[in-house]
Amino acid sequence: MKETIADIKMRRSVKEYKKEQITDEELLTVLEAGMNAPSGGNKQSPIFIAVQNPEWIQKLCKLNAEIAGAPEGFDVFYGAPTIILVLAQKGVGNPVEDASLCLGNMFNAAYALGLGSRWINRIYETFETDLGKELLKEAGYEGEYIGVGSCILGYPKNGFPEPIERKPDYYKIIK
């Protein structure tokens with residue numbers, strides 16, 4: 001139990017990754033952590049698309065960068081060799097909240113395995129485009145989905161950032 005709490009406190013977002021791909025076992029462990037997140041009414045509406053294909057990553061990177069207004073050639077995925085796209089079925093339960101909990105579990109599991117991770121936004125906009133819908137269909141999903149976020153994964157190039165001090169008024173206890 002103490003190790004779990006320590007991992008949660010120490011986990012930080014990583015911006016630089018080694019080119020080496022993570023193992024299948026590590027990927028499956030992170031996916032299973034996401035699958036075991038709570039969901040409203042146990043609807044389990046989120047879906048995960050784990051992308052390790054360089055062509056797919058390039059398409060997603062280009063599309064995400066365009067949406068972000070990033071300069072041409074900027075790698076919005078920071079060179080991570082694995083991207084887990086997290087979407088949720090529209091109109092089922094609490095799709096954004098449920099998918100966000102999945103992402104949180106994935107980040108904590110990644111850190112526990114020694115993997116770097118980071119939340120990347122603009123997945124909502126990505127899957128509202130024609131290309132995004134085409135990629136979703138190519139992955140084998142039909143229907144209406146909301147893109148919530150993505151979890152990039154890889155081995156940290158320069159270790160993990162040091163924890164930063166938390167603001168003093170982060171919480172209040174009312175008794």
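The values are calculated or read from the model by the stated rules, or taken from the named source; none is laboratory data. This is a predicted model, so every value here is computed, not measured. With ideal geometry, Cβ positions are generated from the backbone for all residues, glycine too; neighbour counts draw on all protein chains shown.
Things worth noting here:
- Sole exception among (1) closer than 24 Å to Lys90 by Cα; (2) touching a residue at least 60 places away in the same chain (Cβ under 8 Å); (3) surrounded by 13 or more Cβ atoms within 10 Å (Cβ to Cβ) for Pro38, by number: (3)
- Search result, residues across the stretch 70-124 that are of a type in the set (Asp, Glu) and under 17 Å from Ile152 (Cβ atoms): Asp75
- Residues that are within 17 Å of the chain's Cα centre (by Cα) and either among the charged types (D, E, K, R) or modelled with pLDDT under 95 (or both), drawn from the stretch 1-23: Ile8, Arg11, Arg12, Lys15, Glu16
- Any hit, the stretch 12-21, residues being touching a helix residue (DSSP H, G or I) at 6+ places or on another chain (Cβ under 8 Å), in contact (Cβ under 8 Å) with a residue 60 or more places away in the chain and either of a type in the set (Phe, Trp, Tyr) or farther than 15 Å from Ala109 by Cβ (or both): no
- Residues within the stretch 50-78 that are touching a residue at least 12 places away in the same chain (Cβ under 8 Å), surrounded by 15 or more Cβ atoms within 10 Å (Cβ to Cβ) and among the small types (Gly, Ala, Ser), tallied: 1
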